[in-house]
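Since every read-out is calculated from the coordinates, none of them should be taken as a lab result. Not measured: the values here are computed from a predicted model. Backbone-built Cβ (ideal geometry, glycine too); neighbour counts: all protein chains shown.
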Amino acid sequence: MLPPVFGVLFDGIAYGMLLFVLSVGLSVTLGLMNFVNLAHCAFAMIGGYVTAILVNSYGWPFLATLPISFLAAGAASVVLERLFYRRLYRSTDLDQVLLTIGLAFISVAVAAYFFTTNQQPIETPSFLRGSIEFLGLNFARYRLFLIVVALIVTILLVLGLEYTRFGAMVRASVDNQRMARGLGIDVDRTFALTFALGCGLAGLGGGLAIDIVGLDPNFAFNFLVFVLIVVSVGGLGSIAGSFFAAMLIGVSDIAGKYYFPEYGAFMIYFVMVAVLMWKPTGLFGKR
Amino acid sequence: MATSTQPVTPQLWLRQQCRWHPLEIVFWLSTLLPFFLFPNYLSLASQIAITAMFALSLDLILGYAGVVSLGHAAFFGIGAYGAGLFSIHVWGEPFTGLLFGGLIAGIAGYITSFIVARFRHLTLIMITLGIGLMAHEIANKAHSLTGGSDGLQGVKIQPLFGVFKFDLYGYVAYSYSLAALFIAFLAVRRIVNSPFGLALRGIRENWTRMPAIGADRPAHIRKAYTIAAVLAGFAGAILTQTTQSAALESISFGRSADVLVMLVLGGAGRLYGGLIGATIFMVARDQFSGIAPQYWYFWIGVLLIVVVMFMPNGILGGLSYIYARWRRK
């Protein structure tokens, strides 16, 4: 028999995994280009709506919609990168904040216009519903699935960054952008590709998130805070940092809400400010 | 003139900056126009004056010192709740309530300034965002004190000087908030045209060089941040007193984002940027939200993108650029 703390831990880890998928792209783009992209969750929202529409209106199986949500968010990011982001790579952080807040505002209004402000419920396949009992505790199947997906994503990302040519280019650009340019790496193109990949992952996260946290037009802002917290606590440009920060934030959020419900979301803000006071560059950040 | 041969010393330059331009006098006289032209919109005018004061306080830290804050509404909200609670638990005299709101916002600003002064860039944005969200969460959860999401109930403000009542028409409200805005403006104008103001601009332009030439950067930022918090607290307190209520909205992220938009729209780092931006923003919101309130933020988003892409220094920056080109011809 396991004490309930393991249940809280399990839920926290599953939630952290979701946060990781949502935020890892932002962490890499921030580390790569120092681009403060507050519209990151708008891309997640695109993925979420693609999944919701395909499942509910076209009767696609849930699992088949996830790659599409990845592709849709990635494609949208390529267009926006060409139109707006590219011109502000070397601007101040304030300009980047303003542009991306503007994009996020627009995404909220557009989503409200097309899909109303209601929650979009989706039907998950039967093998992801319910829970498995193990040593006296219930483990929700969907959360297990979430953990598996996030682990696969993590492994693919780490392998891709460590062992491919593109990964080496990304690492070189994050570590020393000037030197990478000097060696003939097209940093802007690397960034555009990484950006598309990161936004695609956010889209995948958006699709996965519907069953846990729901989906409405305010998604673009509601989750932004969590994602930014994960990124800044983990340290810019660090996948391992994002991973551990997402776990830390996920577990402390769920534990905070479980053990001290009267303090609500206070716990994670406290964790964030404490970590940043202690290490301004985040747990794994270099700069 | 003899002045042309005289070398421009910093003192002389500052004194030149202090001189009142005729356009400024026109601007402040025109703030009296709503009394005669739009007597039905005086409560909106009062809201504009309050928001302009809030934008002015953000301008001091963002426009002059270069400290980007995404949580400035924390101090606005602390001032708003402070003044409201003061009127409930102590007495309803407006001036002491106003001072109390500014005081506790200033204390909160002074405490958090020690954190803020250490950081810059993304970390700073995150820290200020976190402080703002924590303040919101405290106001939300301390239900017994603040009324949570229902807002603060039972705010009763006595008449100004014991004579002028805060009524529905907004004559008193607008006079009160306009007077406060003008006094705050004079104070900020004096601050930015002082050696201290120059030091703040130096910090904005080069964060690492200012300490190297002997300026105590953290102390300057702390001071500016505390002053800005006091001003934001005053603005919040006036909002509570003129509307006789304090809502959770006054401490929300939305308010922090709105004021940032206004300031940037008008032109950050210019005294009138926040004032012009707040006026345009509030009037546009009043007009647009009558048509389709839920899509108001669509237009704000478009506006933000246009400003960032085409008018990097806001409306006032664009106007002064055009004026400078016209002068050169």
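Numbers below:
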read-out: Tally, over region B:248-292, of residues that are in contact with a helix residue (DSSP H, G or I) (Cβ under 8 Å, 6 or more places away or on another chain), farther than 22 Å from B:Val68 by Cα and within 11 Å of chain A (Cβ to nearest Cβ); value: 0
read-out: Meets criteria (within 14 Å of chain A (Cβ to nearest Cβ), without any contact (Cβ under 8 Å) to a residue 24 or more places away in the chain and either in contact with a Gly (Cβ under 8 Å, 6 or more places away or on another chain) or of a type in the set (Val, Ile, Thr) (or both)) for B:Met311; value: yes
read-out: Sole residue being more than 23 Å from B:Gly77 (Cα to Cα), in contact (Cβ under 8 Å) with a residue 60 or more places away in the chain and touching a helix residue (DSSP H, G or I) at 6+ places or on another chain (Cβ under 7 Å), chosen from B:Arg222, B:Arg204, B:Arg189; value: B:Arg204
read-out: Criterion: surrounded by 14 or more Cβ atoms within 10 Å (Cβ to Cβ) and either under 16 Å from the mean Cα position of the chain (by Cα) or more than 12 Å from every other protein chain (Cβ to nearest Cβ) (or both) - qualifying residue of A:Glu123, A:Glu81; value: A:Glu81
read-out: B:Tyr295 being away from every other protein chain (no Cβ under 13 Å), more than 21 Å from B:Gly77 (Cβ to Cβ) and either of a type in the set (Phe, Trp, Tyr) or free of Cβ contacts under 8 Å to residues at least 12 places away in the same chain (or both); value: no
read-out: Among the candidates A:Met45, A:Met17, residue that is buried (at least 24 other Cβ atoms within 10 Å of the Cβ), out of contact with any Phe, Trp or Tyr (no Cβ under 7 Å at 6 or more places or on another chain) and assigned to a helix (DSSP H, G or I); value: A:Met17
read-out: Elements of type helices (runs of 4 or more DSSP H) in region A:167-275, at least 3 residues being touching a Phe, Trp or Tyr at 6+ places or on another chain (Cβ under 7 Å) and closer than 30 Å to A:Ile53 by Cα; value: A:187-213, A:239-259
read-out: 1 or more residues under 16 Å from the mean Cα position of the chain (by Cα) and aromatic (Phe, Trp, Tyr): qualifying helices (runs of 4 or more DSSP H) within region B:153-253; value: B:171-192, B:217-243
read-out: Test for B:Ile280: is it among the aliphatic types (A, V, I, L, M), in contact with a Gly (Cβ under 9 Å, 6 or more places away or on another chain) and surrounded by fewer than 19 Cβ atoms within 10 Å (Cβ to Cβ); value: yes
